[in-house]
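S.K.: Before we start, here is the structure in question, set down as structure tokens.
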């Protein structure tokens, strides 16, 4: 859905600061409309729109200022659909928060993401957005391009190549196995890693205590699944 309004953004308002900045072409008319309660909560519309779309797991709207017109584009597709969740499971061994996972899904569909995109996607301030984007760079999943106001980020490799990355630690190998097979038992863990019963029990309990796996059943029937 595209909505286009004649006339570009006014005053100090830009697509970068549209959530915080306000500017009125006819301040006297606006005050009169507020006095007679035709309009209220001036400046809240953009924030409310972003909030509703985020609650519905929809991608944030795209704002485009064309000087002589202003366009808002709404894309009617859910970011966190079953396919996206399945794709994200390959990163279960990587320490990511929900906002960073959502950013990875966004990057899967778009070539780049910047601080502004991250803020709108996750409703955080510029400082936290920058910290969490740099955190994604530290994981090796995302590369940074340019610096300063032109900084943007892209997936370190194509989604297909990322799916082919091999887990490095025993814990990662166990989680990767569960992602593919759905479950793992102590005996399957021993075969997978070539370890004894004590080591397999230790690793599975460690992953369970860390919340990366969830145990089901008891005794010889116990198996582990993703939480």
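S.K.: Once the mean 1/r over all distinct Cα pairs of the chain is inverted, what Kirkwood radius in angstroms do you read off?
M.R.: Numbers: mean 1/r = 0.0479 Å⁻¹.
After inverting the pairwise mean of 1/r, the radius is 20.9 Å.
S.K.: Another one. Can you tell me the FRET efficiency between residue 27 and residue 65 if r is taken as the Cβ-Cβ distance and R0 is 22 Å, rounded to the nearest 0.05?
M.R.: Numbers: r = 21 Å, r/R0 = 0.95.
Efficiency at R0 = 22 Å is approximately 0.55.
S.K.: Report, to the nearest 10°, how far helix 170-181 tilts away from the longest principal axis of the Cα atoms in the chain, using its own Cα long axis and a range of 0 to 90°.
M.R.: 80
S.K.: Residue separation times 0.36 nm, minus the C-alpha to C-alpha distance between residue 202 and residue 46: what's the value?
M.R.: Numbers: separation 156, 0.36 × 156 = 56.16 nm, distance 5.08 nm.
Answer, rounded to one decimal: 51.1 nm.
S.K.: Let me ask another. So how tilted is helix 98-109 from the main axis of the chain? Cα-based, degrees 0 to 90, rounded to 10.
M.R.: 80
S.K.: For the chain, modelled as a Gaussian network with Cα springs under 10 Å, which listed residue fluctuates most, 67, 154, 99?
M.R.: Answer for the Gaussian network model of the chain: 67.
S.K.: Using Cβ contacts closer than 10 Å as the measure, can you line up 207, 9, 226, 121 from fewest to most? Write out the running numbers ahead of the final one.
M.R.: Values: 207 24, 9 18, 226 13, 121 21.
Lowest to highest Cβ neighbour count: 226, 9, 121, 207.
S.K.: With an 8 Å Cα cut-off and a minimum separation of 6 or more residues, compute the relative contact order for the chain in percent. Before the final figure, lay out each step's value.
M.R.: Numbers: 262 pairs, mean separation 30.8, N = 227.
This gives 14 percent for the chain.
S.K.: Could I ask something else about it? Let a ≥ b ≥ c be the square roots of the eigenvalues of the Cα gyration tensor of the range 28-128; is it rounded (a/c under 1.5), or, if not, prolate (a/b larger than b/c) or oblate? Mind showing how you got there, number by number?
M.R.: Values: a/c = 2.59, a/b = 2.28, b/c = 1.13.
Verdict is prolate for the range 28-128.
S.K.: While we're looking at this one, here's another question. Taking neighbour counts of Cβ atoms within 10 Å as a proxy for exposure, in what order, fewest first, do 16, 59 appear?
M.R.: Values: 16 15, 59 23.
Taking fewest neighbouring Cβ atoms as first place, the list is 16, 59.
S.K.: Among rounded, prolate and oblate, which fits the range 2-73 when a ≥ b ≥ c are the square roots of the eigenvalues of its C-alpha gyration tensor, a/c under 1.5 means rounded, and a/b larger than b/c means prolate?
M.R.: Numbers: a/c = 2.13, a/b = 1.30, b/c = 1.65.
Since a/c reaches 1.5 but b/c is at least a/b, the shape of the range 2-73 is classed as oblate.
S.K.: First check a/c for the range 170-225, with a ≥ b ≥ c the square roots of the eigenvalues of its C-alpha gyration tensor; if it is under 1.5, answer rounded, and if not, answer prolate when a/b is larger than b/c or oblate otherwise. If you can, show how the numbers build up before the last one.
M.R.: On the way: a/c = 1.21, a/b = 1.04, b/c = 1.16.
It comes out rounded by the Cα gyration axes.
S.K.: Same structure again: What percent does the relative contact order of the range 2-73 come to when contacts are Cα pairs within less than 8 Å and at least six residues apart?
M.R.: Details: 72 pairs, mean separation 35.6, N = 72.
With pairs under 8 Å counted, the relative contact order is 49 percent.
Laboratory data are not the source of any read-out in this text; all were calculated from the coordinates shown. As the structure is a computational prediction, the values presented were derived from the model and not from experiment. Glycine gets a Cβ as well: all are built from the backbone with ideal geometry, and neighbour counts include every protein chain shown.
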